[in-house]
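Structure, as structure tokens:
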Amino acid sequence: MNPQELLARAKEEGRSLLEPEAYAVLAAYGIPVLDYRLATSPEEASRMAEEIGFPAAMKVVSPDVIHKSDSGGVKLGIGSPAAAAEAFAEINDAVAESVEDARIEGVLIVPMAAGGIEVIAGMVRDPQFGPAVMFGLGGIFVEILKDVAFEIAPVSREEAGRLIKSIKGYPLLAGARGSKPCDLESLGSVITGLSRLALELDEVKEIDLNPVLASPDGARVLDARILL
Amino acid sequence: MEAGKTSDKPRDLDLLFNARSVAVVGASANPEKLGYEILNNLINMGYSGPIYPINPKADEILGLKAYPSLSDVGQPIDLIGVIVPGKFAPGVIEEAGKLGVKNAVVISGGFREIGNDELEAAMVAAAEAGGVGIIGPNCQGINYPANKLCLSWPLIKRKGGLALICQSGTIAAALGDRADKEGIGIAGLVALGNRCDIDESDLIEFFGADPNTDAIAVYLEGIRDGEKFMEVGKRVGKLKPVLVLKGGRTERGRKAAESHTKSIAGRGEIFDAALRKVGFEKVESIDELYDCAKALSAEKKRPGKRVQVLTSSGGSGIVAVDILEELGLDVAPLSEAGRKRLAETLPSHCVIGNPLDLTGDTPAERYQEAVLALAETEPGIDLYLLIFGDPIPRATENCREIKAAVDRPLVACYIGGGEVEEVEFKKMNSLKIPTFPTPERAARAARSILTGRKE
């Protein structure tokens, strides 16, 4: 399904996008996401985990689960096909127990990401200026230091570059203390992609990519929420 | 964008500011009343077109024939000032529309600001039906010295390069008053009030194209139409410096702004991003709004960040260096050649460096000698900050000669100069040598001129 169709279906069902749907929409706008699979049985989980490669991470996909980790819906460091099948069952049981009548669409399988710097990116709609893209360092930096910056859409490549450089933590991304600099082009494509998405898909109210992993080999979205 | 309004093109405001005739509806012979003060200011401003006081109970006000109503004037009227009680305003606007009046400055209050949305809607409907543009209501009016048009208070006659657009009458008046007293003058002043019709974007567009305007200072609590603001900003941001102070940055400030002018404000960071995108400058205080607009109306922006400080006062020089450095500018040391050249040029008790301390006995000419020497040996200097920290006569003449000889922006501070300062301060500002009363304000103004980037 293309982004419009995915949005139409979610809207019809009165919900926001599920994580794999969000990934598909982001990917359609050139935003780098992890390789992912949606498993609906333990057998599928084994096979798909093998395709993705180990170690893998598994997350429940449900319109009724808001806090995936707290509901037992996340398993990290899956090392084998057998462990994937087991994790599939455990996730289903844990979620069914903690969230009453939760509809479970399946379990998302992604490779475990390692290394790099956690950043956040997002999109909000301002009542006056329309869509704006947000970028900042993730984790404690956003919570405690509020090191984020905004740019009004449309955001050009050049403006995306300026936005990245405008945060206080930019030296960390540029390779502070001898570390290799992150792929800023790839980070820029997250920002310009969000801008294009916001301008084309009016139904999308808000996007929260937290975290995005920035590394010398490129940026990858590790978690995505797209609200309608 | 406010409910029910669609984004539209900026308005042609030529006949608002260049009105060829003005009626004052609610003019009064009673000096206690605003209707007297407005008419009196318009007359004393020296407005050259016909002025028609409108008052059903008077034959003559301030020596002018008064008319019972707009319809009784029998002559074309471009602009009306409206000072009657708010409840009569829709009727006045309706009548004005029928008579072909182009614009109205509605000073009267009693509309949306006190929750009377219906009255304001009735006036807007009358304006739309009659094709009348409205400034206000609930505003402190407009002043455009190029047309000697003052429909506002206080009376500010001095013509200069600053355009002031404010969602607060007092802030507009305060800035205008300061520009007048400092010898700078204004290109125009507009108090927006409730902006039921003509808004900040229309005015930024007008002053952006206005040949009298060098810099535009804006105080806003919210934007009326974000799309129009961005469209106008993209054009004007390239033409002229536009400085914006946004009231309501904090949560409590925002709440106060909402009740003051009923502005819908989004997140402050997004407002800042919008300004950055169109090349407008964000400022944080009324002083900064005034100072940066003043600096940028006199000096062109320049890439670079190196500042050379010259001072007669050691302490003021040090304070300036601290602020300049904190603002990200570079108070770089002099080269060997520069030091040598200054040692040859200046008396031996001067302290050579950056700041360059010419010491308390310095005549104004020493500043000129020093800058000319530096201009030859230190081409990397981007801006000179001159601190006159004593009663130093002829500072103005020397600054003018420096400006004529040196191709770099100049910012001055005059401090501790007693009566000599009073004379020189105003003279310098009136001749577009932006001069400030403290080193920190001069430093901040210098920062607004230098963009930091070296292209």
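The values are calculated or read from the model by the stated rules, or taken from the named source; none is laboratory data. Quantities reported herein were computed from a predicted structural model and do not represent experimental measurements. Please note: Cβ atoms are built from the backbone with ideal geometry, for glycine as well, and neighbour counts cover all protein chains shown. When the accessible area is computed, the model is the full protein with side chains, heavy atoms only, and any ligands, DNA or RNA have been set aside. Shrake-Rupley method; radii C 1.70, N 1.55, O 1.52, S 1.80 Å.
Round to the nearest 0.05 the FRET efficiency obtained for B:Glu369 and A:Thr40 when R0 = 60 Å and r is the Cβ-Cβ distance.
In this case the efficiency is close to 0.10.
What's the angle, to the nearest 10 degrees (0 to 90), between helix B:117-130's Cα axis and the longest principal axis of chain B?
So the helix axis and the longest Cα principal axis differ by about 80 degrees.
Modelling each spin label as a point 7 Å along the Cα-to-Cβ direction, I'd like the B:Glu227/A:Arg103 distance in nm, to one decimal.
That separation, rounded to one decimal, is 3.5 nm.
At a Förster distance of 45 Å, what's the computed FRET efficiency of B:Val420 paired with B:Glu336, Cβ-Cβ distance as r, to 0.05?
So, using R0 = 45 Å, E works out to roughly 0.80.
I need the phi-derived Karplus couplings for segment B:191-196: 6.51 cos²θ - 1.76 cosθ + 1.60, θ = phi - 60°, integer Hz, Gly and Pro marked x.
9, 6, x, 6, 6, 6
Probe radius 1.4 Å, ligands and nucleic acids left out: can you give me the accessible area buried at the A-B interface, summed over both chains, in Å² to the nearest hundred?
Summed over both sides, the interface buries about 1300 Å².
Can you tell me the Rg and the Dmax, both Å, for the Cα atoms in chain B?
For chain B, the Cα-based Rg and Dmax read 24.6, 80 Å.
Using the basic label-point model (7 angstrom from Cα toward the beta carbon), what is the A:Asp93 to B:Ala209 distance in nanometres?
For the pair A:Asp93/B:Ala209, the computed spacing is 7.5 nm.
Roughly how many percent of the accessible protein surface of segment B:300-449 is carbon and sulfur, given a 1.4 Å probe and a whole-percent answer?
Looking at segment B:300-449 in its full context, I get 53 percent from C and S.
With each label point set 7 Å from Cα along the Cα-Cβ vector, what nm distance links B:Arg252 and A:Glu158?
The answer from the label model is 4.3 nm.
Measure off, as a whole percent, the carbon and sulfur share of the 1.4 Å-probe accessible area of segment B:14-296, all protein chains present.
C and S fraction of accessible area: 51 percent.
Less than 12 Å Cβ to Cβ from A:Asn2, Lys/Arg counted +1 and Asp/Glu -1: what total charge do the surrounding residues give?
Net of charged neighbours comes to -2.
Enter the accessible area per residue of segment A:117-227 (Å², integer; probe 1.4 Å; all protein chains in place).
It amounts to 44 Å² per residue over segment A:117-227.
Kindly provide the helix-only [θ] at 222 nm of chain A, computed as the sum of -39,500 (n - 2.57) over DSSP H runs of four or more divided by all residues, to the nearest 500 deg cm²/dmol?
-10500 deg cm²/dmol
List the extent of the Cα atoms of chain A along each of their three principal axes, largest first, rounded to whole Å.
47, 45, 31
Tell me, what % of the accessible area of chain A is carbon and sulfur with a 1.4 angstrom probe?
52 percent
Counting other Cβ atoms within 10 Å, keep those with at most 10, restrict to DSSP loop, and tell me which GluC sites (Glu not before Pro) in segment B:1-97 are left.
Here the GluC sites (Glu not before Pro) that fit, given the DSSP loop and packing criteria, are B:Glu32.
Once the Cβ-Cβ distance between B:Arg20 and B:Glu397 is put in as r, and R0 is 35 Å, what FRET efficiency do you end up with, to the nearest 0.05?
0.25
Arrange the peptides A:138-148, B:366-376 so that the one whose residues have, on average, the most other Cβ atoms within 10 Å appears first.
In decreasing order of mean packing, A:138-148, B:366-376 become B:366-376, A:138-148.
Under the rule of -39500 (n - 2.57) per DSSP H run of 4 or more residues, summed and divided by the residues of chain B, what mean residue ellipticity at 222 nm is obtained, to the nearest 500 deg cm²/dmol?
Here the helix-only value at 222 nm equals -12500 deg cm²/dmol.
Quick check for you: with a 1.4 Å probe and neighbouring chains kept, what is the accessible area per residue of chain B, in Å²?
39 Å²
What angle do you read, to the nearest 10 degrees and between 0 and 90, between the alpha-carbon axis of helix B:89-98 and the longest principal axis of chain B?
Helix B:89-98 and the main axis of chain B meet at about 80 degrees.
Within 10 Å of each Cβ of B:273-285, how many other protein chain Cβ atoms are there on average?
3
Taking the mean number of other Cβ atoms within 10 Å as a proxy for protection, how do you rank B:116-124, B:98-106 from highest to lowest?
Sorting B:116-124, B:98-106 by mean packing, highest first, produces B:98-106, B:116-124.
Given a 1.4 Å probe, how much area per residue of segment A:35-111 is accessible, in Å²?
50 Å²
Quantify how much of the Cα-Cα distance distribution of segment A:117-227 extends past 22 Å, in percent.
When every Cα pair of segment A:117-227 is considered, 24 percent fall beyond 22 Å.
Scattering from the C-alpha atoms of segment B:8-86 alone, worked out with Debye: what is log10 I(q)/I(0) at q = 0.23, 0.25 1/Å?
-1.07, -1.23
By how many nm would the segment from B:Asp59 to B:Ala404 grow when fully extended, if each residue of separation counts as 0.36 nm and the alpha-carbon distance is taken off?
Residue separation times 0.36 nm, minus the Cα-Cα distance, leaves 118.6 nm.
Compare each residue of segment A:124-173 in its chain alone against the assembly with all protein chains, and report those whose accessible area goes down by 40 Å² or more; 1.4 Å probe, heavy atoms.
Buried by the other chains: A:Asp126, A:Pro127, A:Gln128, A:Phe129, A:Phe150, A:Ile152.
Using just the alpha carbons, could you tell me how many Å³ per residue the convex hull of the protein assembly as shown encloses?
176 Å³
Using only the Cα atoms, work out Rg/Rh for segment A:35-111, with Rh taken as the Kirkwood radius, to two decimals.
So for segment A:35-111, dividing Rg by the Kirkwood Rh gives 0.94.
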